[in-house]
Amino acid sequence: MMKRLSFLAGAIVIFLFTGLVISCRSSEALSSTPQEKVQKTYVVKDESSLPSFPVAMLYVIAREWEEIHDEHSDKYATEQAQEYREEVPRLEEYMERRLLQLCPEEAYVGCVEQIMLFAHHTVQSLGDKVIKLPKMQELRLLEENVNVQGKRQVVDTLGSGMDGWALLELGDDEQRLLHSMDSLASAKEFCTAQDFDSVQLNAFERENVLLAVLLWNGPRPFYRIILSKTRAEQMARHYYGAQTNNGKRGDAFKHIYVNTLLRSYVGRVMSYFVMDVLWEKVHKNAPCDYYMDIHNNRIGRVLQYHRFTDSKNDTIPSWQQWAVNVHDYIERKENAQFKEWNKETPTFIIEQNMKQVVKQKYVYWSE
């Protein structure tokens, strides 16, 4: 177990060291942006103190950046695109410039760098688990195999081709939402804050630390992560109504299912990074929630992954069949392990209890 975690955590660090190096911005580069809210960059201790932004907006801004660098796009030859290429050529620079324009109440000069530093510091805090760093080539996610409707396929982490989108098996509403976001990004005119209200891009929530993944891997893997989270929330509500938090079985379903989706769409390393590091380690959970979530994450990502993705029903999208499989697993009493915990249960008691947990069975603590 520790060796596997060492590899996964090492994978994350080498990516961050090579892909998320932040350069200091000159004041001239941001001279045309609001200067009232300037904050000195430092590593914050709590994720809640970082600004969060609409996920749809983050995706559109990253896609805009691709468009202004694409000679065949409608945006490329515009005067504004030329200015952006000269003044804020890097994605993180462009991201901050546009956030200052679109979210002046939340964004401030240095906010993107602060988020990146926080993500970097979070990985470094893993300590001894990241002493040995594997080679960069070993960390590519392109070779990650997934099971889609009974067929072995390869995850395209860039997701730019038709096969990448086909892998997601988007429903009609999902396709309309994605088309709305891509249309905003590819239009000749640059979008405004009001544009996001007009197309009702509120299906997704807000994020802050996950911005590091967007700047690391680009908008398409980022979209896959958000889509996985959205689908998990929707299917959890479908099966369990409002009982999807606070240690209930619906909570267990949500974590198991989202990890199954994430491994299928972005690979095992990235799913570990997103769920166990960025969401579980960063967010402040009670010990009962943390240990339950970490255990159930591994159920969906590793221990029962192939069981859940065994999709032989061609009448529904494979990701819906995976939800059926996870739900069947949750509903079987022999797969459940109930723990008499609450929000006040001390960590040392929970850790002792976890030593007795059967790895193949899920954990929950509230009926």
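Values in this text are rule-based calculations from the coordinates and carry no lab data. On a predicted model such as this, the values are computed, not experimentally measured, just so you know. For neighbour counting, all protein chains shown are included, and Cβ atoms are generated from backbone atoms with ideal geometry for every residue, glycine included.
Among Tyr329, Tyr265, rank each residue by its count of other Cβ atoms within 10 Å, from fewest to most, as a rough exposure measure. Provide the component values of the computation, followed by the final result.
On the way: Tyr329 22, Tyr265 26.
Least crowded to most crowded, the residues run Tyr329, Tyr265.
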List, in order, the whole-Hz ³J(HN,Hα) value for each residue of the range 219-230 obtained from phi through the Karplus relation with A = 6.51, B = -1.76, C = 1.60 and θ = phi - 60°; use x for Gly and Pro. x, 6, x, 4, 4, 4, 5, 5, 4, 4, 4, 5
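Please list, by residue number, every one of the GluC sites (Glu not before Pro) in the range 44-98 that is coil in DSSP and has at most 11 other beta-carbon atoms within 10 Å. Present the calculation step by step, with values, prior to reporting the outcome.
Working: sites: Glu47, Glu64, Glu66, Glu67, Glu71, Glu79, Glu83, Glu86, Glu87, Glu92, Glu93, Glu96; in loops: Glu71.
Hits after loop and neighbour filter: Glu71.
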When Lys75, Lys355 are arranged by how many other beta-carbons sit within 10 Å of their Cβ, fewest first, they go Lys355, Lys75
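Using mean Cβ contacts within 10 Å as the protection proxy, how do 300-307, 165-172 order, highest first? Let's see the in-between values first.
Numbers: 300-307: 19.5, 165-172: 15.4.
In descending order of packing, they fall as 300-307, 165-172.
Only four residue types carry charge here, +1 at the Cβ of Lys and Arg and -1 at the Cβ of Asp and Glu. Report the dipole size of the range 220-298 about the Cα centre in Debye, rounded to the nearest 20. Walk me through the numbers on the way to the answer.
Working: 13 positive and 6 negative charges, 53 e Å.
So the magnitude is around 260 debye.
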Around Glu207, which amide H atoms from residues at least 5 apart in sequence, or from another chain, sit under 5 Å from its own amide H, with H modelled in the peptide plane? Phe53, Val55
Would you please state which residues of the range 207-251 a label at Glu367 would reach in this model, taking the label point 7 Å out along Cα→Cβ and a backbone N cut-off of under 18 Å? 243-251
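Just to verify a number: FRET efficiency for Glu79 and Asp182, C-beta to C-beta distance, R0 = 25 Å, to 0.05?
Numbers: r = 23 Å, r/R0 = 0.91.
Efficiency, from the Cβ-Cβ distance: 0.65.
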Given R₀ = 56 Å, FRET efficiency for Ile349-Gln194 by Cβ-Cβ distance, to 0.05? 0.60
Inter-label distance, nm, simple model (7 Å from Cα along the C-beta direction), His69/Asn335: 4.3
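Of Lys248/Lys281; Lys188/Lys281; Lys312/Lys355; Lys188/Lys254; Lys229/Lys359, which pairs sit farther than 31 Å apart, going by alpha carbon to alpha carbon?
Numbers: Lys248/Lys281 20 Å; Lys188/Lys281 41 Å; Lys312/Lys355 36 Å; Lys188/Lys254 39 Å; Lys229/Lys359 24 Å.
Beyond 31 Å: Lys188/Lys281; Lys312/Lys355; Lys188/Lys254.
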Could you list Lys229, Lys284 in order of exposure, starting from the residue whose Cβ has the fewest other Cβ atoms within 10 Å? Lys284, Lys229
